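Take a look at the structure below.
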Ligand code: 8YV
């Protein structure tokens, strides 16, 4: 029986080959599929190669008595109950760093697309509105505007560096003040103070229970009528109800979101709003980065089976 369980289909043949080169793998993506595995098959599982955001909880881990490692394909591991894993002596690993640039690129793409009406402009041309003699309504300048980075980790920093290149004064929250270029403003962990200082608010904190609703109702309202919220982190990091309320009432200008509370099912009220740009959680979805994430995941799998130290453990 295979020693690796994969929780979602492969993105590519390369990824499949890479995992199978470590050990044979079996796909069991749902709790039902896992529970239906014969006992000997469950006993053979020593590693889970996890992808996506469906929860891996203690009960799932208990189906596999010889499970030793869960390797997350992604930097965020909020889907995995790490405390439950640690209590069972199971190592959890992730794939940090390799995706920083892509996630930051998408954050800037969302900001530029939102401010310059790229999606509407494309439709304007295709649908013949321009040819019929109508000019696209004036949109909004992004360069030079104050930007707030909620969470100055590795991804937050990559976003901030890009914003700085657009002449945007950078403000940020973080657990600790970071070593930054001169002029960047640290707001401690006070996201309301951050919101008061900026027009653009980019959410880049880690997911999980501790950051649930990090961008709070108060912070959203503090952004004010020119405020735009960008989220490339996790849907849970924003009080989504408060965000929808503020968008519907025009208390903030808009939002561009790659992640959602209940993804892939996006709240119908968000879909109905014209001042919101929506993306299907694609920030790390380039061919190049998905390859690098797969390599990083397999390095952790291989380390386990070779008895070597894990390259990127989280517990
Ligand atoms: C992936 C992500 O879509 O890295 C993350 O935390 O959210 C994304 O890169 C996801 O993890 C795929 O498993």
Expected output for the stretch 41-56 (first residue within 13 Å of the ligand (Cβ to nearest atom), partner part of a helix (DSSP H, G or I), Cβ below 7 Å, 6+ apart or cross-chain) is 49/19; 49/297; 49/301
Tell me which of these residue 207 doesn't satisfy, since it passes every other one: (1) surrounded by 24 or more Cβ atoms within 10 Å (Cβ to Cβ); (2) within 16 Å of the ligand (Cβ to nearest atom). (1)
In the stretch 241-249, is there at least one residue being in contact (Cβ under 8 Å) with a residue 60 or more places away in the chain, out of contact with any strand residue (DSSP E or B) (no Cβ under 7 Å at 6 or more places or on another chain) and buried (at least 19 other Cβ atoms within 10 Å of the Cβ)? no
Report whether or not residue 153 is closer than 24 Å to residue 182 by Cβ and touching a strand residue (DSSP E or B) at 6+ places or on another chain (Cβ under 6 Å). no
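Restricting attention to the stretch 21-41, and to residues there that are farther than 24 Å from residue 295 by Cα and touching a strand residue (DSSP E or B) at 6+ places or on another chain (Cβ under 9 Å), which single residue is surrounded by the fewest Cβ atoms within 10 Å (Cβ to Cβ)? Write out each step before concluding.
Our first condition is that a residue be farther than 24 Å from residue 295 by Cα; within the stretch 21-41, this holds for 30-41.
Retained after the next criterion (residues that are touching a strand residue (DSSP E or B) at 6+ places or on another chain (Cβ under 9 Å)): 33-34, 37, 41.
On the way: 33: 13, 34: 20, 37: 18, 41: 16.
Here the residue is 33.
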Under 8 Å between Cβ atoms, which residue pairs at least 6 apart in sequence (or on different chains) link something in the stretch 175-200 that is without any contact (Cβ under 8 Å) to a residue 12 or more places away in the chain and in the same structural domain as residue 161 (by TED's automatic domain parsing) with a partner that is part of a helix (DSSP H, G or I) and surrounded by fewer than 17 Cβ atoms within 10 Å (Cβ to Cβ)? none
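The values are calculated or read from the model by the stated rules, or taken from the named source; none is laboratory data. From a predicted model like this one, the values you see are computed outputs, not experimental measurements. Cβ atoms come from the backbone with ideal geometry, glycine included; neighbour counts cover every protein chain shown.
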